[in-house]
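The values are calculated or read from the model by the stated rules, or taken from the named source; none is laboratory data. Predicted, not measured: the structure shown is a model, and the values here were computed from it. Ideal geometry is used to build each Cβ from the backbone, glycine not excepted, and the neighbour counts take in all protein chains shown. Just the protein is used for accessible areas: all its heavy atoms, side chains included, with ligands, DNA and RNA removed. Shrake-Rupley method; radii C 1.70, N 1.55, O 1.52, S 1.80 Å.
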Amino acid sequence: MTLPCRLRDFIPSSADGIFRDLIDHSPWDVTSRAEAIIDGALSQLTGYLIENGVAIHRRARIEAGAIIKPPAIIGPGAFVAHGAYLRGGAFLDENCIIGPNCEAKTVFMLKGSKIAHLSFVGDSIIGAGANIEAGAIIANYRNEYEEKRIRIAFGGSVIDTSVDKFGALVGENARIGANAVVAPGALLRPGEIVPRLALIDQSA
């Protein structure tokens with residue numbers, strides 16, 4: 001049975017490494033199991049300093065004042081700035097950037113993706129080359145609804161994710177402008193552009 005939304009349709013260049021066995025899964029299946037997935041990948045790493053469930057590649061750079069809670073993998077050439085707060089499972093692929101005073105909760109960032117300063121990204125997968133400008137929010141929880149389960153209007157149908165927390169699947173080379181808000185349950189196609197100050201809400 002073909003899923004209505006598979007990772008391979010949004011992040012096709014990432015069908016290896018940690019995503020090798022996940023590429024045909026739905027994004028919310030992956031984010032809901034993020035800690036177990038990242039924990040399982042720790043033992044397969046080489047070239048990393050691993051301590052207390054946090055793996056940092058020798059070519060990664062972590063500024064003083066950043067907080068990285070386990071489990072986490074920070075890949076080669078990645079940069080985590082002062083004041084950044086990573087929790088709930090974090091995977092930063094090669095050359096990813098998290099700017100100052102960002103919070104990333106349960107996030108998979110693929111090669112060369114960037115989250116600029118003062119942003120929040122929750123329960124999301126960010127495709128290779130995607131760029132999230134300063135002050136942007138990818139929300140992960142429907143605080144305003146009595147019924148918290150996330151349902152997404154996509155492709156002419158409604159997808160019931162069966163989860164209460166999911167932010168976005170951001171396709172490869174997508175762009176999210178400064179101070180934009182992406183409501184929980186967003187599926188952004190590769191190369192999609194979200195203007196500055198925009199609201200993206202795909203709730204069904």
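Could you list all residues from region 15-40 that are open to solvent by less than 80 Å² (accessible area, probe 1.4 Å), within 27 Å of VAL158 (Cβ to Cβ) and not hydrophobic (A, V, I, L, M, F, W, C)?
ASP24, HIS25, SER26, PRO27, ASP29, THR31, SER32
Among the residues of region 156-189 satisfying the criterion of being touching a strand residue (DSSP E or B) at 6+ places or on another chain (Cβ under 9 Å), outside any strand (DSSP E or B) and open to solvent by 60 Å² or more (accessible area, probe 1.4 Å), which is nearest to GLY135 (Cα to Cα)?
ASN179
Kindly evaluate SER43 against the criterion of being free of Cβ contacts under 8 Å to residues at least 40 places away in the same chain, out of contact with any His (no Cβ under 6 Å at 6 or more places or on another chain), closer than 22 Å to LYS165 by Cβ and of a type in the set (S, T, N, Q). So that I can check it myself, show each step before the final result.
On the way: free of Cβ contacts under 8 Å to residues at least 40 places away in the same chain: yes; out of contact with any His (no Cβ under 6 Å at 6 or more places or on another chain): yes; closer than 22 Å to LYS165 by Cβ: no; of a type in the set (S, T, N, Q): yes.
When the stated conditions are applied, SER43 does not pass them.
Kindly provide the set of residues from region 190-204 that are free of Cβ contacts under 8 Å to residues at least 40 places away in the same chain and either part of a loop (DSSP other than H, G, I, E, B) or among the small types (Gly, Ala, Ser) (or both), ordered by number.
Matches in region 190-204: GLY191, GLU192, PRO195, LEU197, ALA198, ASP201.
Just wondering, is there one or more residues in region 88-97 that are within 19 Å of GLU133 (Cβ to Cβ) and open to solvent by less than 10 Å² (accessible area, probe 1.4 Å)? First the steps, then the outcome.
Filtering region 88-97 for residues within 19 Å of GLU133 (Cβ to Cβ) gives 92, 95-97.
From what is left, the residues that are open to solvent by less than 10 Å² (accessible area, probe 1.4 Å) are 92, 96.
Yes: one or more hits.
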